[in-house]
1. Report yes if residue 491 is within 15 Å of the ligand (Cβ to nearest atom), out of contact with any strand residue (DSSP E or B) (no Cβ under 6 Å at 6 or more places or on another chain) and more than 27 Å from residue 363 (Cα to Cα), otherwise no.
2. Just to be sure, is residue 83 more than 30 Å from residue 170 (Cα to Cα) and buried (at least 16 other Cβ atoms within 10 Å of the Cβ)?
3. What is the number of the single condition among (1) touching a helix residue (DSSP H, G or I) at 6+ places or on another chain (Cβ under 9 Å); (2) in a helix (DSSP H, G or I) that residue 60 does not meet?
4. Do you know which residues across region 520-534 are touching a strand residue (DSSP E or B) at 6+ places or on another chain (Cβ under 7 Å) and within 16 Å of the ligand (Cβ to nearest atom)?
5. Can you tell me which residue in region 500-514 is farthest from the chain's Cα centre (by Cα), limited to those that are within 19 Å of residue 368 (Cα to Cα) and within 15 Å of the ligand (Cβ to nearest atom)?
6. Answer yes or no: is there a residue in region 535-554 that is farther than 20 Å from residue 593 by Cβ and either within 14 Å of the ligand (Cβ to nearest atom) or under 18 Å from the mean Cα position of the chain (by Cα) (or both).
7. So, in region 637-674, of the ones that are crowded, with 17+ Cβ neighbours inside 10 Å and not in a helix (DSSP H, G or I), which residue ends up farthest from the ligand (Cβ to nearest atom)?
8. More than 30 Å from residue 103 (Cβ to Cβ), within 16 Å of the ligand (Cβ to nearest atom) and at pLDDT 95 or above: is that true of residue 585 in this structure?
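The values are calculated or read from the model by the stated rules, or taken from the named source; none is laboratory data. From a predicted model like this one, the values you see are computed outputs, not experimental measurements. Positions of Cβ are backbone-derived with ideal geometry, glycine not excepted, and every protein chain shown enters the neighbour counts.
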Ligand SMILES: [Zn+2]
């Protein structure tokens, strides 16, 4: 299933495209122009789309000229005396209303418009023309048509180019039972320019947002995004399933990767006259064969649509010589080439398109048979079991196959020193670069070569600046890293079961990040440096802990979280990161005691409480907003909330559940996509008997679906006579909204090592509690074990 905001099966009713090819259609979309003869003075047109409604109250409406018999665009202007249009959107739940309010100041959208450009492949044209025809007040206006055609054609062309691939896809899919999309770019009287999408094929059909820039980065700020009323409880399947990848890749001397990808493809319920696939942007697909017969390929850039999908990939289309039949298996062969590898200097390489360097559909599991040809002086690592390795002239040929289906097949290369370890249930190979990448000058070159994708400032690596006068030894920690990762894997395998693949390779990547693919872990070159290296010494305590311990354990944990257990959608992706991060902390705790966990949690809290424009980072939005937290308002919020607050949520659950129950919960979610609600129910099943908030509804409402970090204070007094004492206490909460409420533990030490924990539900204003005691308490403390995320 595609889980990004903008994609899925898009089908369009009855569009006769008269046998025009994808490339031709695409060119015609780029050259779309306004039809001066189709301009109307309109009154009271309505365009309802579930919870989103547009009203063209008074103004001019003009359509674009048809392409392949279809009009795909219209422009409205309120450019008359008393002219007006209005958009109304009522998000269906509190979370979305809150998100909308954080951008617009109001929980519902009600905005009057000056102008709107509509791009569509659904029934919008039919709906508008029907109303124009039925009301005699709507009249054709050729004079205004000429003016508007000249003024709006360049604007429409510019916006339509953004949806070029999508429009062609919809036209080519033709007459099937699905429907297309409507995209409205509008100019509001109060809110300025913003966009509304109603896409019948997306997982969330209604999206409202705005293109914004901050620090020269382009963001699509999603104000609200949700499943439209008529689509609730509807299953969306991928239109085609890919399996059995056979990839042959040759690395050319200029680091271009030239690839032949062969894969089996099976359409779902519908015949497919066209297939839409994803590939990393630098990869250009030059030819496609379907069962040995040439197919047409269309690959274009399309900014708005890609921003909405928020991935570093782009959609491309394949038109087979004849439509693919439902349920039948086909062999697809792609030839593609691109520069996805960059040299950071000293033969230290950076792989840019780590996941989609080959064509894919959504995030399906598949088996891989991978053959790489590359210069003999390099080492190349990729997941799977070694099938063969030999030399062909100056090239080495390595072939590996994965024994089980995995979600991605990545690779990495360099001049490596390696250590191999065998443990029960898995083998581990850890590679280190023999040399260290040089400093700043080369880093700039890398960043220029691969700019961060729009809207993703934190996800792409910051390049490490290593002082040239202290070259450092990239082999310094090789042995240590290898035995550390092996013991982390043993720790996790004992608790979480077998990893995604039995062979795991770890290889360095220049940057301050890591990434865990099935069978392949990318580890920051920083993690290989000895503690006395200047780049490490210049970090704070948490930074040092991050590169020396947390990062490698976190990426190791992704062998399970994200690759054995997957997330159901973008709202649930935080679970994978939070579980990976907290698994790393659990491992560190088992190795070094509670101190590193406390240090990490404290540092996460500090970052969450940082303020910008008087708002804390944490208040940017609830963790379930996922990638939407990566917006122009607070570019660091996604990272700090997903990892930092995510780890805190796991930590708080562990304190509520106890260690054994918390770990036992793992067996509830085996090899299937996990949603936030399923996770809540699983956690609730493992709560100790007679726990308060037994379904964890309040806990999730507050910490997962809500925001806020409270300050809590305890005061108490002990009254009465020996044998009949009473502890009367008050917990006072501040620093959060009035509806904020959590369970906070008060620990009463009774002497002789006995303690009693009283859970107090906080509220706006002081909350009192009273506990009968047989003897005077030795100590009374609020939340001594950091069971609550609080100031
Ligand atoms: Zn991670």
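1. no
2. The answer is yes for residue 83.
3. (2)
4. 520, 521, 522, 523, 524, listed by residue number.
5. For region 500-514, the residue satisfying everything is 506.
6. The answer is no, given that none of the residues of region 535-554 is farther than 20 Å from residue 593 by Cβ and either within 14 Å of the ligand (Cβ to nearest atom) or under 18 Å from the mean Cα position of the chain (by Cα) (or both).
7. The extreme case among them is 669.
8. Against the criterion (more than 30 Å from residue 103 (Cβ to Cβ), within 16 Å of the ligand (Cβ to nearest atom) and at pLDDT 95 or above), residue 585 qualifies.
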